[in-house]
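Read through the structure below, which is laid out as structure tokens, and then see the notes.
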Amino acid sequence: MSTLKISDLHVSVETDQGTKQILRGVDLTINEGEIHAVMGPNGSGKSTLAYAIAGHPKYTVDSGSITLDGEEVLEMSVDERAKAGLFLAMQYPVEIPGVTNSNFLRTAKTAIAGEAPAIRTWVKDVRGAMEKLRMDSSFAERNVNEGFSGGEKKRNEILQLELLKPRFAVLDETDSGLDVDALKIVSEGVNRAKAETGLGILLITHYTRILRYIKPDFVHVFVAGRVAEEGGPELADQLENEGYDRFLTSASA
Amino acid sequence: MSDETIPLTGPTVDLTAPDGGTAVEVTGTGSRAALISDATSSHNGGAPVQTRNARFTSTEVSAFPEVTGREASWKLTPVDALRDLIDGALDGGRYDFTLDAGAGDGAGIDVSWVPRTDQRVGLAGIPEERASANAWSTFSEALAITVSGEERAEVRVQRDAFGPAVRGAHTIIEAKPFSDSVVVLDNSRDASLVENVEIIVGDQARLTVVTVQDFDDDARYLATHFGRVGRDATFKHVVVSLGGKVVRVNPAVTLAERGADGELLGVYFSDAGQHLEQQVFMFHQAPDTKGRVNYKGALQGAGARTVWIGDVLIGPDASGTDSYEQNRNLVLTDGTRADSIPNLEIETGDIQGAGHASATGRFDDEQLFYLQSRGIPEEVARRLVVRGFLADIVQKIGFAPLEERLHAAIEAELAGDAETPSIEVTA
Ligand SMILES: Nc1ncnc2c1ncn2[C@@H]1O[C@H](COP(=O)(O)OP(=O)(O)OP(=O)(O)O)[C@@H](O)[C@H]1O
Ligand SMILES: [Mg+2]
């Protein structure tokens, strides 16, 4: 069984005002097939955690470790992490002018699989995945995320998730900017991917509404750069009713 | 009202793009303000010229004063590396070339040497600077490429035998009325050459001229392309500069008759120590003309240098003009310099639209991260981004065999000599 293990992770970022500590000792273990929701207020460091896992160069890991089945992820380059089976659906997906989605997807698939996919099945897979996500076929020939609406960008992230078939996926606020219909479609995509490959998921969110469609096994409350409380799905309901106030006061106390 | 002259220069002028979007201005390196004022000053360092087409012209090299390097047309050019081309004796004789016919199998296209007395010499333009005049004074025969008939015709003139001689050359490309053709000047290997290319686009003709500069590392090439576009004719001009020490191609196109359409495209990739320059001039002379200028360049390596000056002049009779010009540069490494100077002069109040944009930006690390986070190795990701940046120009060339080759050439530029791509990137 695959395990993604984050231990005592400390991460900082260089700002104009100097070094800023963001993550202050994060511990989190995700097994294959598990869904972990990470919830927390704005600025608590959720995206920083996601970027640190993916290896964004802006974020410096000061101490701690991230291992994937015992292998140190922090020693891998960004693309090596993806090849090892990690995937990050970004809160703000990046536009790449002049590069078509289909070229991008094929190049990524080729890189991750180590060989080019068989053309016929690949074209069919892409088309099928797009249909299920209710993406018009024109999105294949459009440039990556260029001019996509917020919701379309999120669907495009899940399209990649379904096609690249990672072992662990971090979904950073995939629900934000989605209306109810789109939220359902995207959630179905995530659930499909999980049913098919049994991937482990770290679902970062602000609100509980996506948890109606993607059922978490564990919920972690993230405050001021560390996990303040953990529990089962019932913790999400509690947060829904009470908000984060309780944690904020205890964090500042 | 209709006679007012509005010289629009520099980053603060922001005209609306024809698609309703906003023209973007991002300052590159160097002092823009100084560069802009120089670009519109007189060739002889005297009083500023009011309009772009009021520059002194002559076919006689002796009519031009010594080049100081302060003139509008030389200000950003390394003149000291070009003295022999500007002032020296040039070999104006024939050179060898080979022809490669595409569609139409050569039918409708005649390529031959013609004497200086050919009636077409001087029809499309007269030199504005000394090197151009030097070549004009020197050439013994002109290479004339004449397209007739109405079937689509394509020809590639492979010019790889200029050799080390310091040369002056003259080329005529004439598209007869109603003709439809693509002419590729495919320049490579060694050259120390000054050339004038006259392009005459007959009424209702459709002509694409592509000039590829893929010279050896120490080659020097100065070219002026004079274009004259006739009534309801469609002219596409593409400058592709990749190889050479100093390569300067200056297209000056006059939309001379009503309904003329000119699209001036360029793509360039400057490596360490390379100077690639283009001074583009689009003159809307007749009413109801449409002009598009779109140049994109990438810079990589210490001392990589590019210059783009884009002058658009909308003359007093050019009512109904629709004009837009833009230049974008992508800076891949430190130690490069891109000058990008759009100028727009409008002499009539009655136009459909005119605008310009210029931007020079660094390679976007977020794009790189995004691609890498999908497993794409860094070098492949860089190639994708740069290829993507330049792709819209390459795709507009409208001549498939060349497009593929250019993509490959751009990727080779990016790869340098150091690296063999492990993953193929296809369109
Ligand atoms: N590149 C950066 N430069 C400066 N500060 C940063 C940078 N990245 C993150 N921060 C700061 O670190 C803190 C955590 O940011 P992060 O984006 O991880 O929060 P978040 O929990 O994802 O918030 P949100 O819910 O708004 O998405 C914030 O105070 C943010 O301003
Ligand atoms: Mg965030």
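The values are calculated or read from the model by the stated rules, or taken from the named source; none is laboratory data. What you see is a predicted model; the values in this text were computed from it and never measured. Cβ sites come from the backbone with ideal geometry, for glycine too, and all protein chains shown count toward neighbours. Areas reflect the complete protein model, heavy atoms only, side chains present, ligands, DNA and RNA absent. Shrake-Rupley method; radii C 1.70, N 1.55, O 1.52, S 1.80 Å.
Things to note:
- For B:A63 and B:A408, a Förster radius of 41 Å and the Cβ-Cβ distance give a FRET efficiency of 0.40, rounded to the nearest 0.05.
- In order along region A:30-37, phi translates into HN-Hα couplings of 10, 9, 2, x, 9, 10, 10, 8 Hz, rounded to whole numbers, per the Karplus curve 6.51 cos²θ - 1.76 cosθ + 1.60 with θ = phi - 60° and x for Gly and Pro.
- Here's the picture: charge each Lys and Arg Cβ at +1 and each Asp and Glu Cβ at -1 in chain A, and of A:L74, A:S2, A:W122 the one pushed furthest to the positive end of that dipole is A:W122.
- Peptide A:54-63, shielding by other chains (average Cβ, 10 Å cutoff): 2
- Apportionment of accessible area to carbon and sulfur, chain B, percent (1.4 Å): 48 percent
- For region B:224-238, backbone phi angles converted through the Karplus equation (6.51, -1.76, 1.60; θ = phi - 60°) give residue-by-residue couplings of 10, 10, 9, x, 10, 10, x, 4, 6, 8, 10, 10, 10, 10, 10 Hz, Gly and Pro being listed as x.
- Note that chain B shows a convex hull volume over its alpha carbon atoms of 135 Å³ per residue.
- When peptides B:84-97, B:107-120, B:183-196 are ranked by their average number of other Cβ atoms within 10 Å per residue, the highest-first order is B:183-196, B:84-97, B:107-120.
- Counting only Cβ charges, +1 for Lys and Arg and -1 for Asp and Glu, the dipole size of the protein assembly as shown around its Cα centre is about 500 debye.
- FRET efficiency for the pair B:R94 and B:D317, taken as 1/(1 + (r/R0)^6) with r the Cβ-Cβ distance and R0 = 45 Å, rounds to 0.65.
- Cα centroid separation - region A:192-240 against region B:202-223, whole Å: 60 Å
- Normalised by 2.2 N^0.38 Å, where N is the number of residues, the C-alpha radius of gyration of region B:75-139 stands at 1.48.
- Percent of Cα pairs in region A:204-251 per distance bin of 5 Å, from zero to the largest separation: 5, 20, 36, 25, 11, 3, 0.
- Relative to the Cα centre, the charge distribution of region A:79-191, modelled as +1 at Lys and Arg Cβ and -1 at Asp and Glu Cβ, gives a dipole magnitude of about 460 debye.
- Spatially proximal aspartates and glutamates relative to A:K5 (Cα-Cα < 15 Å; intrachain offsets below 8 disregarded): A:D27, A:E32, A:E34, A:D69, A:E71, A:E72, A:E75
- If R0 is taken as 56 Å, the Cβ-Cβ distance between A:E230 and B:D334 corresponds to a FRET efficiency of 0.75.
- Listed by number, the DSSP H helices of chain B that run 24 Å or longer by alpha-carbon position along their axis and have mean Kyte hydropathy of at least 0.5 come to an empty list.
- With a 10 Å cut-off around each Cβ of A:106-113, the average count of Cβ atoms from other chains is 6.
- Accessible surface ranking that places the most exposed of A:E240, B:E154 first, with a 1.4 angstrom probe: A:E240, B:E154
- Cα-based shape type of the protein assembly as shown, given that a ≥ b ≥ c are square roots of the gyration tensor eigenvalues and the cut on a/c is 1.5: prolate
- In degrees, nearest ten, helix A:150-164 long axis to first principal axis of chain A (Cα): 70 degrees
- A convex hull fitted around the alpha carbon atoms of region A:26-151 yields 158 Å³ per residue.
- Compactness index (Cα Rg / 2.2 N^0.38 Å), region B:149-271: 1.06
- Under 5 Å between amide hydrogens, built in the peptide plane, is the criterion, and for B:I173 it picks out B:I145, B:E198, B:I199, B:I200 among residues at least 5 positions away or on other chains.
- Peptide B:361-370 has a mean of 5 when you count, residue by residue, the C-beta atoms of other protein chains within 10 Å of its C-beta.
- HN-Hα J in Hz across region A:40-54 - Karplus 6.51, -1.76, 1.60, θ = phi - 60°, x for Gly and Pro: x, x, 3, x, 7, x, 5, 5, 4, 4, 4, 5, 5, 5, 7
- Fraction of accessible area attributable to carbon and sulfur, chain A (%, probe 1.4 Å): 48 percent
- Comparing Cα centroids, region B:333-370 and region B:124-191 end up 29 angstrom apart.
- Taking a straight line from the alpha carbon of A:K184, these aspartates and glutamates sit under 16 Å away, with near neighbours fewer than eight places off in the same chain left out: A:E131, A:E152, A:E157, A:E162, A:E173, A:D175.
- Cβ crowding within 10 Å averaged over residues, with A:121-129, A:138-146, B:320-328 ranked highest first: B:320-328, A:138-146, A:121-129
- Farthest toward positive dipole pole in the protein assembly as shown [+1 Lys/Arg, -1 Asp/Glu at C-beta], among B:T117, A:N42, B:I410: A:N42
- With a 1.4 Å probe rolled over the protein heavy atoms of all chains, the accessible area of A:R209, B:R55, B:R159 falls in the order A:R209, B:R55, B:R159, largest first.
- Modelled label reach - B:A107, point 7 Å along Cα→Cβ, region B:138-152 residues with backbone N closer than 14 Å: B:148-152
- The residue among B:L143, B:V155, B:A89 whose Cα reaches farthest toward the positive pole of the charge dipole of region B:24-426, with charges on the beta-carbon of Lys, Arg, Asp and Glu, is B:A89.
- Dipole magnitude for chain A: about 680 debye, using +1 per Lys or Arg Cβ and -1 per Asp or Glu Cβ, origin at the Cα centre.
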